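Here's the structure, in C-alpha cells; my notes come after.
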Amino acid sequence: MSLSHFDNTDNRVLRSSSPGVVVANTGSVGASLVVWLLSGLLAWTGASSLAELGSAIPLNGGAQAYLAYSYGPLVSYLFAWTAISALKPGTALCFAT
C-alpha cells in the first residue's frame, strides 16, 4: 500500500505522510520545515492542553468528562454523539484507500 494518494486529474498529493510529500506540496525545503514546525507546535499545544485538563480534572472519560464537568451533561452528550456519528467515521474515511 502506498503512503501517498494522488489525484488522477492534476497529480496533486492529497495526503501528507512523509517529508517528500510535504516538500512536493510546498515547493521548497524551507517552506516544508515551516509546515512541519507549525504542525508540531499545534500537536504539542493540543497534547499539553489535554495533559493540563487531565491533571486539573481527574475524571475518567477524556474530553467528554471534561465537557460534562465544565458545561454540563447536554454539551457532553452532544460532543459524544457528534464524535461517534461524524468524527470517527470521517477520520476512517479519510484514511481508507
Exercise for review: Kindly identify region 19-97 as rounded, prolate or oblate by the Cα gyration tensor criterion: order the square roots of the eigenvalues as a ≥ b ≥ c, call it rounded if a/c is under 1.5, otherwise compare a/b with b/c, prolate if a/b is larger, else oblate.
Suggested key: oblate
Exercise for review: Determine, from the Cβ-Cβ distance of Leu37 and Leu87 and an R0 of 25 Å, the FRET efficiency 1/(1 + (r/R0)^6), rounded to the nearest 0.05.
Suggested key: 0.45
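Only the coordinates and a few stated rules stand behind these numbers; no lab work does. Everything numeric here is computed off the predicted structure, so don't read it as measured data. Positions of Cβ are backbone-derived with ideal geometry, glycine not excepted, and every protein chain shown enters the neighbour counts.
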